[in-house]
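Shown next, in structure tokens, is the structure this report addresses.
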Amino acid sequence: MRRAYYLSHPQVHIEPEVEIDQWGLSDVGRARVATLIARDLPDLSAVYSSLEVKALETARPLADASCCPLQPRADMGENDRSATGFLPPSEFETTADRFFAEPDRNVRGWETARAAQKRITASVQTALLETSGDVLFVGHGGVGTLLYCALRGVEIDRRYDQGPGGGGQVFDWIVGHPPETGWKPMETL
């Protein structure tokens with residue numbers, strides 16, 4: 001049985017004046033990736049990643065440590081929030097709450113949750129057809145949660161979102177079956 005893992009990038013260096021997709025990992029985020037690499041990683045056949053810098057900075061060292069190819073994919077990006085760009089934390093959380101609660105609306109010009117869910121689900125399904133063996137997907141918490149909801153066959157709901165702490169969460173599933181558990185810290189991979 002094949003296993004797939006979805007990992008959200010860990011903590012980032014927030015730079016309000018820089019485009020969000022260009023943010024890199026913070027020192028804490030890089031340290032968490034290094035700690036994960038120092039452990040026994042699953043035997044992966046491929047690592048797929050969003051094109052965003054923070055995701056690639058997470059995925060590349062994991063692919064290298066696993067001696068498997070890194071497959072960057074544009075369709076694995078976070079929900080498009082370019083209409084607002086950086087939002088202060090409390091404003092972001094309020095907007096994200098609405099994004100999940102109103103999945104068919106362009107909340108503040110963001111990509112709809114339903115459209116982002118279709119995109120990430122199609123990307124993962126296509127990737128699973130391209131490879132055999134266990135696969136790691138490295139991306140973002142928002143679309144990861146949307147993927148989780150689709151895999152579980154539940155309505156989009158923020159209660160399935162990763163826990164607080166700035167990312168670095170993972171869930172896994174046996175391909176063809178829904179995930180048995182929710183998000184966990186990446187150190188459990």
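What to note about this one:
- Where Thr35 falls short, out of the listed (1) of a type in the set (Ser, Thr, Tyr); (2) surrounded by fewer than 20 Cβ atoms within 10 Å (Cβ to Cβ); (3) within 24 Å of Glu17 (Cα to Cα): (3)
- Residue match in region 18-26 (condition: part of a helix (DSSP H, G or I), within 19 Å of the chain's Cα centre (by Cα), exposed (fewer than 13 other Cβ atoms within 10 Å of the Cβ) and not polar (S, T, N, Q)): no
Yes or no, residue by residue, for (1) over 22 Å from Asp43 (Cα atoms); (2) basic (Lys, Arg):
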{"residue": "Thr84", "(1), (2)": "yes, no"}
{"residue": "Arg114", "(1), (2)": "yes, yes"}
{"residue": "Lys118", "(1), (2)": "yes, yes"}
{"residue": "Ser123", "(1), (2)": "no, no"}
{"residue": "Leu128", "(1), (2)": "no, no"}
{"residue": "Thr131", "(1), (2)": "no, no"}
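- Residue that is farthest from the chain's Cα centre (by Cα), among those in region 1-12 that are modelled with pLDDT of 95 or more and part of a loop (DSSP other than H, G, I, E, B): Arg2
- Of all residues in region 103-160, those satisfying the criterion of being acidic (Asp, Glu) and either surrounded by fewer than 20 Cβ atoms within 10 Å (Cβ to Cβ) or not in a loop (DSSP other than H, G, I, E, B) (or both) are Asp104, Glu130, Asp134, Glu155, Asp157.
- Among the candidates Ala96, Ala83, Ala55, Ala74, residue that is under 19 Å from Ala116 (Cβ atoms), surrounded by fewer than 19 Cβ atoms within 10 Å (Cβ to Cβ) and under 16 Å from the mean Cα position of the chain (by Cα): Ala74
- All of Ala31, Ala83, Ala55, Ala59 fail the test of being assigned to a helix (DSSP H, G or I), over 16 Å from Thr131 (Cβ atoms), in contact (Cβ under 8 Å) with a residue 24 or more places away in the chain and among the hydrophobic types (A, V, I, L, M, F, W, C), apart from Ala55.
- Options Thr121, Thr112: the member that is within 21 Å of Leu7 (Cα to Cα) and not basic (Lys, Arg): Thr121
- Residue within region 163-172 that is farther than 18 Å from Ala55 by Cβ, outside any loop (DSSP other than H, G, I, E, B) and either out of contact with any Phe, Trp or Tyr (no Cβ under 6 Å at 6 or more places or on another chain) or among the small types (Gly, Ala, Ser) (or both) present: no
- Any chance Ala101 is in contact (Cβ under 8 Å) with a residue 12 or more places away in the chain and either more than 24 Å from Leu25 (Cα to Cα) or of a type in the set (Lys, Arg) (or both): yes
- Residues that are among the acidic types (Asp, Glu) and either without any contact (Cβ under 8 Å) to a residue 40 or more places away in the chain or touching an Asp or Glu at 6+ places or on another chain (Cβ under 7 Å) (or both) within region 156-189 comprise just one, Glu180.
The values are calculated or read from the model by the stated rules, or taken from the named source; none is laboratory data. Bear in mind that the values here come from a model prediction, so they are computed numbers and not experimental data. Because the Cβ atoms are built from the backbone with ideal geometry, glycine has one as well, and the counts that use them run over all protein chains shown.
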